[in-house]
Amino acid sequence: MTSVVSSPPRTIRIGSRKSQLALVQTYWVQEQLQKSFPDITFEVHTMSTQGDKILDVALAKIGDKGLFTKELEVGMLNQEIDFAVHSLKDLPTHLPEGLTLAAITERENPADALVVHEKHKDKQIDTLPEGAVIGTSSLRRLAQLRHHFPHFTFKDVRGNLITRLAKLDAGEYDALILAAAGLERLKMGDRVHQILPANISLHAVGQGALGIECRADDSELLSLLKAIEHSQTRDRCLAERSFLRSLEGGCQVPIGVNTEISGENLTLTGIVASVDGQKFVKDTVTGIANNAEALGIELAEQLRQQGAQEILSEIFAVIQRGS
């Protein structure tokens, strides 16, 4: 009688940045997968990325292609890890050959949030005093806020979430603009003073969602990762990423979006703004959610016809000069 020797269950290695928020997100993914596949071992492996190491330079001046993802992607291609968990807003729209966006998880609130110093607890974004120092490291937020509130003073802020909040509480800033999702995931939702409405600040592409990246030829893993995919979030984010890709914009360029799904229809709104907030083009498209990527391309073309490309070309030129 011939005995059959079964293969031991696979151990799957998950790559993560070392920041507190990245680890919270990665451990959540690990937990969800472990529930779905109890016979498989999921191990977390951490890495430091360039974006984690350079904390004294504005993101836009560093260059943002793969700033928070490159080391993890090299790890996947070298088979040191099997997949990586990213904040989707940090994941470039063009991935290295051999890698793919395997799954997108259900989105937390994608909006930007106002977090204020204690002395402004009775204020909202539109009632902060003239000259109030607002901290943000995002050109997208900066451009939109300058457009609506030219009387504020804006100051770059880097570091992890805990570091930024400590700087705020120490009085270096009157307020910060942060992603609501990050605060919620770190159980700091009580620091959200105001959710900024879409008419003031459209959010970043992919903000609030997690993107799971893995090797394109790992069919077994690709199938497993579908267990944590959220179809509506995927449609929304694919439309947003297609819009960004079509405009050849990076994560730090002043491009903002908002998406909504109603029945089978997806509505995508996008803006492109100059860093000083003076030039501002905005439009909306609606179509079938299954055609998400086509909607992103359509909106990009509409904004291009309204002058978006000229705005972006000026910004790229300034960034390349290191201004």
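The values are calculated or read from the model by the stated rules, or taken from the named source; none is laboratory data. What you are looking at is a predicted structure, and each value in this text was computed from that prediction instead of being measured. Here the Cβ is made from the backbone with ideal geometry for all residues, glycine too, and neighbour counts use every protein chain on show. In case anyone asks, the SASA skips ligands and DNA or RNA and just uses the protein heavy atoms, side chains included. Shrake-Rupley method; radii C 1.70, N 1.55, O 1.52, S 1.80 Å.
Structural remarks
- Stokes-Einstein D for the chain, Kirkwood Rh over Cα pairs, 25 °C, 0.890 mPa s (µm²/s): 119 µm²/s
- Qualifying GluC sites (Glu not before Pro) for the range 203-281 [loop in DSSP, other Cβ within 10 Å: at most 15]: GLU229, GLU248, GLU264
- The GNM of the chain, with springs linking C-alpha atoms under 10 angstrom apart, assigns the highest mean-square fluctuation among LYS123, LYS155, LYS35 to LYS35.
- Rg followed by Dmax, in Å, when the range 77-196 is reduced to its Cα trace: 16.9, 53
- Pairs of alpha carbons in the range 113-255 whose separation is greater than 25 Å (percent): 36 percent
- The antiparallel fraction among DSSP beta bridges confined to the chain stands at about 70%.
- For the range 96-139, the C-alpha radius of gyration divided by 2.2 N^0.38 Å, with N the number of residues, is 1.93.
- Positive-end residue, the chain charge dipole about Cα centroid, Cβ charges, pick of GLN232, LEU91, MET47: MET47
- Rolling a 1.4 angstrom probe over the chain with all protein chains present gives an accessible area of which 48% lies on carbon and sulfur atoms.
- With viscosity 0.692 mPa s and temperature 37 °C, the Kirkwood radius over alpha carbon pairs of the range 107-167 converts through Stokes-Einstein to a diffusion coefficient of 259 µm²/s.
- Kirkwood's formula applied to the C-alpha pairs of the range 180-252 gives a hydrodynamic radius of 14.8 angstrom.
- Between amide H atoms placed 1.01 Å from N, distances below 5 Å from ILE12 occur with THR41, PHE42, GLU43, all of them 5 or more places distant or on a separate chain.
- Distant-in-sequence amide H partners of ALA132 (H built 1.01 Å from N, under 5 Å): THR153
- Solvent-accessible area per residue for the chain (1.4 angstrom probe, square angstrom): 46 Å²
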